[in-house]
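The structure appears below as structure tokens.
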Amino acid sequence: MKYVEDAFASNWIAPLGPNVNRFEEELAACLGVKGAAVLSSGTAALHLALLLEEVGAGDRVFCSALTFAATANPILYEGAEAVFIDAEPETWNMSPAALKRALEDAEIEGMLPKAVIVVNLYGQSADMDPILELCDTYGVPVIEDAAESLGATYKGKMSGSFGKYGILSFNGNKIITTSGGGALVSDDLEALKRARYLATQARQPARHYEHTEVGYNYRMSNILAGIGRGQLEVLEERVRARRAVFERYRAELGDVEGFEFMPEADYGQSTRWLTALTIDPELCGISRDQVIDALEAENIEARPVWKPMQLQPLYQGCKFYDRGTYDKGTFHLSYGSSVSEQLFNLGLCLPSGSNLAEEEQERVIECIKKLL
Ligand SMILES: *Cc1c(COP(=O)(O)O)cnc(C)c1O
């Protein structure tokens with residue numbers, strides 16, 4: 001409230017101003033990167049990252065298959081071809097093995113991607129080292145979609161700081177929010193300067209309005225940046241709250257045969273932005289959808305894991321590299337023809353808000369226990 005009031009008191013009610021500048025500095029310091037450009041959404045940040053890499057019609061972009069459509073849609077904005085890379089069961093994130101096959105094939109075809117978009121799902125970083133090494137070998141830049149992983153770490157460094165560009169979202173459902181907003185982070189300050197220029201209608205430095213290329217209206221307002229500054233101060237608290245929610249679910253439901261919570265890789269700390277698990281109906285006698293229905297009857301919302309992009313009608317016909325099916329634990333061939341499809345068919349996201357009261361969470365848990 002103080003930062004927002006400052007904006008009104010100083011009459012900086014604009015897509016620029018002191019809160020915008022300070023929020024950019026504070027974000028860059030938080031992530032350990034050289035700079036940040038705050039924007040109207042995470043999707044805008046992804047779009048600008050592709051524009052900075054000059055992705056255009058006929059180009060190819062690789063992208064994690066198991067994600068929200070916002071990750072992939074900017075590829076279509078630019079008329080480029082999306083190629084989807086499967087998840088691995090150990091992290092639910094991009095499989096380096098599938099990425100390797102995709103890069104090998106693309107090199108043979110003489111059609112290497114202009115960029116690889118790696119998503120950090122549900123608060124957990126992807127295994128960045130092997131992914132970066134592969135992309136380095138082929139000279140392909142990495143765009144890290146950290147919309148869901150702000151506050152997470154990978155080998156002691158902040159998630160979002162590994163790609164040539166990192167993408168953050170401050171949409172209402174994310175771990176911290178500006179109601180709507182996003183950021184592009186990078187060590188390349190020249191690129192960020194160009195991103196700000198493109199995000200401000202690509203206005204040339206002239207007294208009149210001079211334009212030589214297509215621009216966008218993608219900047220964040222000084223009011224919303226004020227909310228973001230206040231939110232960033234409580235990020236660690238929010239991570240603790242989300243992890244505590246996860247631990248309570250696991251303590252109460254972790255022993256149920258056929259329930260498998262999303263694994264936390266030992267290379268870092270997940271924020272547990274959402275508590276996600278797979279439910280094997282053959283082992284526990286109830287299906288994921290039965291759990292959603294039972295919760296819905298109690299006016300509690302729960303949702304399946306993201307439907308992977310290769311299964312979306314919008315992306316029908318796009319190339320897809322699978323990790324191969326996995327048949328250990330809850331993963332059976334009968335549950336899908338790839339890891340991301342298996343996760344979609346079995347996976348559930350439970351209510352996980354930072355402000356979820358213990359009594360509320362108890363209601364969720366009791367409802368599931370009753371069904372069992
Ligand atoms: C939320 C989200 C986005 C998009 O962010 P917006 O700020 O809503 O545009 C992109 N990628 C992932 C993985 C997300 O979860």
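The values are calculated or read from the model by the stated rules, or taken from the named source; none is laboratory data. This one's a predicted model, so the numbers in the text were calculated from it and none came from an experiment. Virtual Cβ from ideal backbone geometry, glycine too; neighbours counted across all protein chains shown. All accessible areas refer to the heavy atoms of the entire protein, side chains included, with ligands and DNA or RNA removed. Shrake-Rupley method; radii C 1.70, N 1.55, O 1.52, S 1.80 Å.
Quick look at the values:
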read-out: The lone exception for residue 202 - which of (1) touching a Leu at 6+ places or on another chain (Cβ under 8 Å); (2) at positive phi; (3) open to solvent by less than 70 Å² (accessible area, probe 1.4 Å) it fails; value: (1)
read-out: Scan of the stretch 193-210 for residues that are away from the ligand (no atom under 16 Å from the Cβ) and among the hydrophobic types (A, V, I, L, M, F, W, C), ordered by number; value: 198, 202, 206
read-out: Residue 106 being of a type in the set (A, V, I, L, M) and either away from the ligand (no atom under 16 Å from the Cβ) or at pLDDT below 95 (or both); value: yes
read-out: Qualifying residue in the stretch 338-351 (condition: assigned to a loop (DSSP other than H, G, I, E, B), closer than 22 Å to residue 99 by Cα and not assigned by TED's automatic domain parsing to the domain that holds residue 98); value: yes
read-out: Which numbered condition residue 228 fails, given (1) out of contact with any Ser or Thr (no Cβ under 6 Å at 6 or more places or on another chain); (2) closer than 27 Å to residue 74 by Cβ; (3) buried (at least 19 other Cβ atoms within 10 Å of the Cβ); value: (1)
read-out: Residues (touching an Asp or Glu at 6+ places or on another chain (Cβ under 9 Å) and on the phi > 0 side of the Ramachandran plot) located in the stretch 150-175; value: 151, 155, 160
read-out: Answer from 190, 213, 148, 144 - the residue that is more than 16 Å from the ligand (Cβ to nearest atom) and either outside any loop (DSSP other than H, G, I, E, B) or surrounded by 24 or more Cβ atoms within 10 Å (Cβ to Cβ) (or both); value: 190
read-out: Count of residues meeting criterion [under 22 Å from residue 68 (Cβ atoms) and in a helix (DSSP H, G or I)] in the stretch 121-134; value: 5
read-out: Residue in the stretch 25-36 that is modelled with pLDDT of 95 or more, within 16 Å of the ligand (Cβ to nearest atom), under 30 Å from residue 318 (Cα atoms) and not hydroxyl-bearing (Ser, Thr, Tyr) present; value: no
read-out: Residue tally, condition more than 12 Å from the ligand (Cβ to nearest atom) and open to solvent by less than 10 Å² (accessible area, probe 1.4 Å), over the stretch 68-79; value: 1
read-out: Cross-chain or 6+ apart pairs with Cβ under 6 Å, the stretch 156-183 first and near the ligand (Cβ under 9 Å from one of its atoms), then in a loop (DSSP other than H, G, I, E, B) and β-branched (Val, Ile, Thr); value: 170/177; 170/178
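Listed here are the residues, each with its yes/no results for (1) open to solvent by less than 30 Å² (accessible area, probe 1.4 Å); (2) more than 14 Å from the ligand (Cβ to nearest atom); (3) free of Cβ contacts under 8 Å to residues at least 12 places away in the same chain.
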position	(1), (2), (3)
12	no, yes, no
42	yes, no, no
47	yes, no, no
66	yes, no, no
89	yes, yes, no
99	yes, yes, no
